[in-house]
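The values are calculated or read from the model by the stated rules, or taken from the named source; none is laboratory data. A quick note: this is a predicted structure, and the numbers were derived from the prediction, not measured. In this analysis, Cβ positions are derived from the backbone assuming ideal geometry, glycine residues included, and neighbour counts consider all displayed protein chains. Each accessible area value is taken on the protein alone, full model and side chains, heavy atoms only, with ligands, DNA and RNA left out. Shrake-Rupley method; radii C 1.70, N 1.55, O 1.52, S 1.80 Å.
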Number of protein chains: 4
Amino acid sequence: MKALVYHGPGRKSWDDVPDPSIQQPTDVIVRIDTTTICGTDLHILKGDVPAVTEGRILGHEGVGTIVETGSAVSSFEVGDRVIISCISACGSCSYCHQGLYAHCLAEEGASGIGWIFGHLIDGTQAELVRVPFADGTLHKVPEGVSDDAAVMLSDILPTGFEIGVRYGQVKPGDVVAVVGAGPVGLASMMTAGLYGASRVIALDLDPNRLDQALGFGATDAVNSGDADWLEQVMAMTDGYGVDVAIEAVGIPDTFTACTKMVRPGGHVANVGVHGAPVELALQDLWISDVAISMGLVSTSTTPMLLKLVAQHKLEAEKFATHHFSMDQFLEAYETFAAAADTKALKVVIRR
Amino acid sequence: MKALVYHGPGRKSWDDVPDPSIQQPTDVIVRIDTTTICGTDLHILKGDVPAVTEGRILGHEGVGTIVETGSAVSSFEVGDRVIISCISACGSCSYCHQGLYAHCLAEEGASGIGWIFGHLIDGTQAELVRVPFADGTLHKVPEGVSDDAAVMLSDILPTGFEIGVRYGQVKPGDVVAVVGAGPVGLASMMTAGLYGASRVIALDLDPNRLDQALGFGATDAVNSGDADWLEQVMAMTDGYGVDVAIEAVGIPDTFTACTKMVRPGGHVANVGVHGAPVELALQDLWISDVAISMGLVSTSTTPMLLKLVAQHKLEAEKFATHHFSMDQFLEAYETFAAAADTKALKVVIRR
Amino acid sequence: MKALVYHGPGRKSWDDVPDPSIQQPTDVIVRIDTTTICGTDLHILKGDVPAVTEGRILGHEGVGTIVETGSAVSSFEVGDRVIISCISACGSCSYCHQGLYAHCLAEEGASGIGWIFGHLIDGTQAELVRVPFADGTLHKVPEGVSDDAAVMLSDILPTGFEIGVRYGQVKPGDVVAVVGAGPVGLASMMTAGLYGASRVIALDLDPNRLDQALGFGATDAVNSGDADWLEQVMAMTDGYGVDVAIEAVGIPDTFTACTKMVRPGGHVANVGVHGAPVELALQDLWISDVAISMGLVSTSTTPMLLKLVAQHKLEAEKFATHHFSMDQFLEAYETFAAAADTKALKVVIRR
Amino acid sequence: MKALVYHGPGRKSWDDVPDPSIQQPTDVIVRIDTTTICGTDLHILKGDVPAVTEGRILGHEGVGTIVETGSAVSSFEVGDRVIISCISACGSCSYCHQGLYAHCLAEEGASGIGWIFGHLIDGTQAELVRVPFADGTLHKVPEGVSDDAAVMLSDILPTGFEIGVRYGQVKPGDVVAVVGAGPVGLASMMTAGLYGASRVIALDLDPNRLDQALGFGATDAVNSGDADWLEQVMAMTDGYGVDVAIEAVGIPDTFTACTKMVRPGGHVANVGVHGAPVELALQDLWISDVAISMGLVSTSTTPMLLKLVAQHKLEAEKFATHHFSMDQFLEAYETFAAAADTKALKVVIRR
């Protein structure tokens, strides 16, 4: 088959590689119909994720069709059209029993579990992929849900919802600020309405992204490069700050901005992937009754989000701004990497 | 009357001062029967809290008897024996409606509200005290509850419970670590059982305090000066870390220790009063599904804790290690300030 | 002034009566600008509520302007435009501290508190009304919110939301059935979206009401007179039943219908006012993991709902189908009582 | 092997039967070391549970040692000492993902799943038992936990806790009434302390059982045959009723008693197995803000309760009042059936 293979920092190619095969009775093989590229894939290509070794097929998002099942797979059969979650989980350890699939204690070969596709095992940017713990990783796609919509359920929509909206404990009437109007920030904006936010304020440095945000659930936009950005945000609340501030960038400045704009009793939900420590002003914040959360998506809400997509309550397909065929995979990467120019949100690659 | 007056950094005396009088229809005057000293009072005396000005009567804890009531006080009358909460609240603003009395939006004269006794208005280390918003500040003492027990409801017991145990979201079966076995840490240990903790691990540098901790609900003690303190804690869990880590000291090292010993999906509850920022290792923690909370007590749980004290489910009077009369007030301060030697937890000063 | 006075079962008139006056320092007098009629008023007129005595001015909903304030009122002043909640509460008893204002323990004269307007004291269907415990009963109307919208916050919108949606614990993705498409049922349908319901199924015997329901948030309509109504509902779920069934009629049959269509682990939220006991099939239900809730609105969510109305997230004014002036009050009653013919939802009576 | 076999209403015997064998790759075979008898077994013997057919081996509680494992069992191996839950679950259906194992959607042969032992498949009152879905049914017994304690984790302790205490939403400070001081009621009393109840009131007709209750966590006892039982209960609260009333009998009178003694805003948790409908006084209760719950145990809290048993926070072994060997099985049944005379709580039968 063909696959997108990582050959060390800065190097990737669309290669011929051997087909995957069933290794455990809980595995299935999926033929990829639609996949996409994540910001994390760009990090890997820069060499930022040393656990990813040369020769690894990238990608942890995808929609496809089952072509083979292991003997212990009980919920799926050949021919099923499925979403592949970015998280694989055994379903029977203590973390799985809590729904914290990201921290599943099971082992897959020599590696751990949780986020493994395109990381510890071969991923979804390929014609075929082996899926471990299939019963705990796959979701059937209901009739009437397009591939473009379904592939957003692999990672981005549950991440924005679980780590931004749910950990932020958004509740009806809340004013929610989302710092960073990239794909994951937009996913938080789109799903903030599921808990009845009264206002959703998008903050970003890029005016184009702020415009886009207004189509994804934001009610207001503030350019975080403005000298008076904090005053603008305060003017949209009762002057005490936002109820929930969601960090969707991953740098110290944006995290600190969140702690500044949150009201007493409010929540800061960190969604961004950070590479450096941040200074927490606990000398001011200890008295504030603020809670700060963080985490990796568990995809425990994927079935629920899928129901809302099927009912057209969430327009997941709006993230798919550019389309490619698999033999244009390198071009898809270029378009996604140049998002500031191309205005790409998610690039979709189809069989 | 006589009162303990602050005369600037390092200076205090037991002085003759004018009696307080009713200023607002919602005020009452309470004759203090029993009061105590808080670690915060020592901070004020060092000059660490600039909002406290010279001439201020100190103290925010006390039990007493009402001697006069304003015309709009509806729940109390002269002769009632009452606990004075360290937090005063109007009861009708949006924060009060959420039970976040510490952030009450009402104003008392030129100052704000919330923690005001011995801070923004005269406090409880006196023969008499004026209590603003009496209906939202006082609690009647039930029959059979001693002054020694009742005075622990002014601040220390609700602080340990609300900011440590409740914000830490302790649940049945949890392993809870409390860093710092001073009075407030002990209050968290004593109340962790209200949510069914399976183990409560006390950490401190002082072996005396660790011994004391075992009498306040701790099941295990670890000297945080030991090189292998973290390994000791991990050995008491399943190796993944504690469910809840409560910080009850107020310095960066103990806060960081909490973030190191907490398990994925766990909680860090900061109770300590911090004077400096802390470095948060978000590059490691972003993936951890940990929540970090902090705050000032709202005393919203005081009526509930008082019920448990009255039923002898909480032995609040155990905190009262030393007793003084009011004319020994300066001696009481000395004993409390030298807690490492005197083993004082709370010093109680009676009329 | 003029007022709508109850003269015993079946008799009411628009009479000259004395103006109300301040009786307690916590009272205010409000000039009514807009009021409406509740189904409960019709019950009272039938003689179903014996606590309402002859000579009582009816009505517990209204928007108006403050013309006089008692000396202890702290949050309002003359000239404020306000919503009058159907529930009055002291704000300082143990029930008020829990937000259960409907069960406020304070006393107002010889009567209790909670729902008192047009019940135990004179109500809002008048040119003027005395409002007890004004700080705990009134809400300022923000700029840009019409009287038509604001008056729906007195009772109907918080009732549908608190007793239907919140007690029913609606959560994102849920399938919610609402039995009874009258005003209160429609209020549940409109607010079910605040917790992200995936489908809202309206059930009623009247096809007109089912049509109306589709404009108030219902995604599907089922005529409960159909022999196969239950099969129709099951076909809209995965076959196991709805997540939440809201009863908004008040008779045994509709309550039982709710217990039949709810799934294992689901909720039945009773909003209807019942006049007779119901038979609960506990021999079947004991194993079902179903929870059944019921209650009187506390209006604790009114400030939040008002924020959403002001942001145009809830179109509260849609309930106002017919308008009258105060001298047409008897005609307004006729229109409302004949709702099956007039298709009236809420009739609005303006100064 | 030998087993306790049901031969139709009123008939049972300790018979020679064929050994069980692995049928599915997810099965294990357990050698029973310790088992017990449940009130449900007595119902079956009366013929009350028609799903139980002649020839069925009874029993759904047990502790034993694994002697054989299927090829897809991942968490257990031969020699493991295990608790057998009364509920079997697949771990991957939508109900299992919610922790509602009692409603697991998987199928086991021709039957459903959930409670199956001694019901739809052969049970644990035998020398050997086949355990389906072993990864979702068994729990390893930690060192230091006796068989007498462990066997109470099969059913009774999680039932009292999950359906009584958790569904009743007991919270710190609550006054909890438990109607029925049989084994399951005592399990609710013992575990009410895990959420910090201030008082636990036992109600029963039998003075012996009320005495026993005081050793299982009850703080007060009321004979429900007393004419003034309700006044006695009210005198133990503030006059408004208990916060949580737990029904642990299963007849209409005791259910109705619970709805009478619960306070506004409180909870009625039904644990009893009912054979007849009850009349719910909705004409009085609709205004009460009471929630009523019911359900079958899911055993989702068994690992947590086991941790507390291992830490000696719950003295589970106190339920084991009488001991027998397997060849005395019929005598064990007689002792249990005559509990009023023998004062038996749980009779324990050992290999």
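Considering the conditions (1) within 14 Å of chain C (Cβ to nearest Cβ); (2) assigned to a loop (DSSP other than H, G, I, E, B), D:His43 is excluded by exactly one of them, (2). The residues on offer are A:Gly168, A:Gly164, A:Gly193, A:Gly215, and the sole one that is under 20 Å from the mean Cα position of the chain (by Cα), touching a residue at least 40 places away in the same chain (Cβ under 8 Å) and in a helix (DSSP H, G or I) is A:Gly164. Residues of the stretch D:29-69 that are among the β-branched types (Val, Ile, Thr) and farther than 29 Å from D:Arg81 by Cα: D:Val49, D:Thr53. Checked against (1) assigned to a loop (DSSP other than H, G, I, E, B); (2) in contact (Cβ under 8 Å) with a residue 60 or more places away in the chain, B:Val268 meets all criteria but (1). The set of residues from the stretch B:316-325 being open to solvent by 10 Å² or more (accessible area, probe 1.4 Å) and either within 14 Å of chain D (Cβ to nearest Cβ) or among the aliphatic types (A, V, I, L, M) (or both) comprises just one member, B:Ala320.
Exactly one residue among D:Ile287, D:Ile251, D:Ile246 is modelled with pLDDT under 95, in the same structural domain as D:Ala177 (by TED's automatic domain parsing) and of a type in the set (Val, Ile, Thr), and that residue is D:Ile287.
Residues checked against (1) buried (at least 20 other Cβ atoms within 10 Å of the Cβ); (2) at pLDDT 95 or above:
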site: C:Gln98; (1), (2): no, no
site: C:Trp115; (1), (2): yes, no
site: C:Glu143; (1), (2): no, no
site: C:Ser146; (1), (2): no, yes
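Of the candidates D:Val309, D:Val297, the single residue that is crowded, with 23+ Cβ neighbours inside 10 Å and assigned to a helix (DSSP H, G or I) is D:Val309.
Residue-by-condition table, conditions (1) assigned to a loop (DSSP other than H, G, I, E, B); (2) more than 14 Å from chain A (Cβ to nearest Cβ); (3) among the small types (Gly, Ala, Ser); (4) touching a residue at least 24 places away in the same chain (Cβ under 8 Å):
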residue	(1), (2), (3), (4)
D:Ile29	no, yes, no, yes
D:Asp33	no, yes, no, yes
D:Val63	no, yes, no, yes
D:Val78	yes, yes, no, no
D:Cys96	no, no, no, yes
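For D:Ile292, the conditions (1) surrounded by 19 or more Cβ atoms within 10 Å (Cβ to Cβ); (2) touching a residue at least 60 places away in the same chain (Cβ under 8 Å); (3) not in a loop (DSSP other than H, G, I, E, B) are fulfilled apart from (2). Scanning the stretch C:195-237 for residues that are touching a helix residue (DSSP H, G or I) at 6+ places or on another chain (Cβ under 8 Å) and of a type in the set (Asp, Glu) yields a count of 4. Within the stretch B:1-27, the set of residues being in a loop (DSSP other than H, G, I, E, B), polar (S, T, N, Q) and either under 30 Å from B:Val249 (Cα atoms) or touching a helix residue (DSSP H, G or I) at 6+ places or on another chain (Cβ under 8 Å) (or both) comprises just one member, B:Thr26. Taken over the stretch A:216-230, the criterion of being among the small types (Gly, Ala, Ser) and farther than 17 Å from C:Gln311 by Cα is satisfied by A:Ser224, A:Gly225, A:Ala227. Only one of the numbered conditions (1) open to solvent by 40 Å² or more (accessible area, probe 1.4 Å); (2) without any contact (Cβ under 8 Å) to a residue 60 or more places away in the chain is not met by C:Gln24, and that is (2).
Determine whether A:Val78 is surrounded by fewer than 21 Cβ atoms within 10 Å (Cβ to Cβ), at pLDDT below 95 and among the β-branched types (Val, Ile, Thr). No, not satisfied. Looking at the stretch A:326-333, is at least one residue outside any helix (DSSP H, G or I), in the same structural domain as A:Gly91 (by TED's automatic domain parsing) and not polar (S, T, N, Q)? Within the stretch A:326-333, none of the residues are outside any helix (DSSP H, G or I), in the same structural domain as A:Gly91 (by TED's automatic domain parsing) and not polar (S, T, N, Q).
For the stretch A:111-126, the condition of being within 30 Å of A:Gly196 (Cβ to Cβ), of a type in the set (Asp, Glu) and assigned by TED's automatic domain parsing to the domain that holds A:Lys346 holds for none of the residues. Here the stretch A:264-312 is the region considered, the condition is being charged (D, E, K, R) and within 7 Å of chain B (Cβ to nearest Cβ), and the residue that is farthest from D:His97 (Cα to Cα) is A:Glu279. Can B:Gly272 be described as under 17 Å from A:Asp289 (Cα atoms), of a type in the set (Gly, Ala, Ser) and buried (at least 22 other Cβ atoms within 10 Å of the Cβ)? Yes, satisfied. Filtering the stretch A:326-351 to residues that are closer than 23 Å to A:Asp206 by Cβ, among the basic types (Lys, Arg) and either open to solvent by 40 Å² or more (accessible area, probe 1.4 Å) or at pLDDT below 95 (or both) leaves only A:Lys343.
May I ask you to verify whether C:Ser224 is in contact (Cβ under 8 Å) with a residue 24 or more places away in the chain, within 14 Å of chain A (Cβ to nearest Cβ) and not β-branched (Val, Ile, Thr)? So C:Ser224 fails the test.
Here D:Thr254 fulfils each of the conditions (1) more than 14 Å from chain C (Cβ to nearest Cβ); (2) outside any strand (DSSP E or B); (3) within 16 Å of D:Val178 (Cα to Cα) apart from (1). Screening the stretch A:65-75 for residues that are of a type outside the set (A, V, I, L, M, F, W, C) and within 14 Å of chain D (Cβ to nearest Cβ) and picking the one that is most open to solvent (accessible area, probe 1.4 Å) gives A:Ser71.
Is the stretch D:298-320 home to any residue that is touching a residue at least 12 places away in the same chain (Cβ under 8 Å) and closer than 23 Å to C:Thr259 by Cβ? Taking every residue of the stretch D:298-320 in turn, at least one turns out to be touching a residue at least 12 places away in the same chain (Cβ under 8 Å) and closer than 23 Å to C:Thr259 by Cβ.
Report, by residue number, each residue of the stretch C:1-21 that is in contact (Cβ under 8 Å) with a residue 60 or more places away in the chain, open to solvent by less than 50 Å² (accessible area, probe 1.4 Å) and not hydroxyl-bearing (Ser, Thr, Tyr). C:Met1, C:Ala3, C:Leu4, C:Trp14, C:Val17, C:Pro20, listed by residue number.
Kindly indicate whether D:Glu54 is part of a strand (DSSP E or B), charged (D, E, K, R) and either closer than 30 Å to C:Gly173 by Cα or open to solvent by 50 Å² or more (accessible area, probe 1.4 Å) (or both). Answer is no for this residue. Of the listed requirements (1) over 18 Å from the mean Cα position of the chain (by Cα); (2) open to solvent by 10 Å² or more (accessible area, probe 1.4 Å); (3) modelled with pLDDT under 95, C:Ala134 misses just one: (2).
Annotation: B:Gln232 fulfils all but one of (1) more than 19 Å from B:Ala344 (Cβ to Cβ); (2) outside any helix (DSSP H, G or I); (3) open to solvent by 40 Å² or more (accessible area, probe 1.4 Å); the unmet one is (2).
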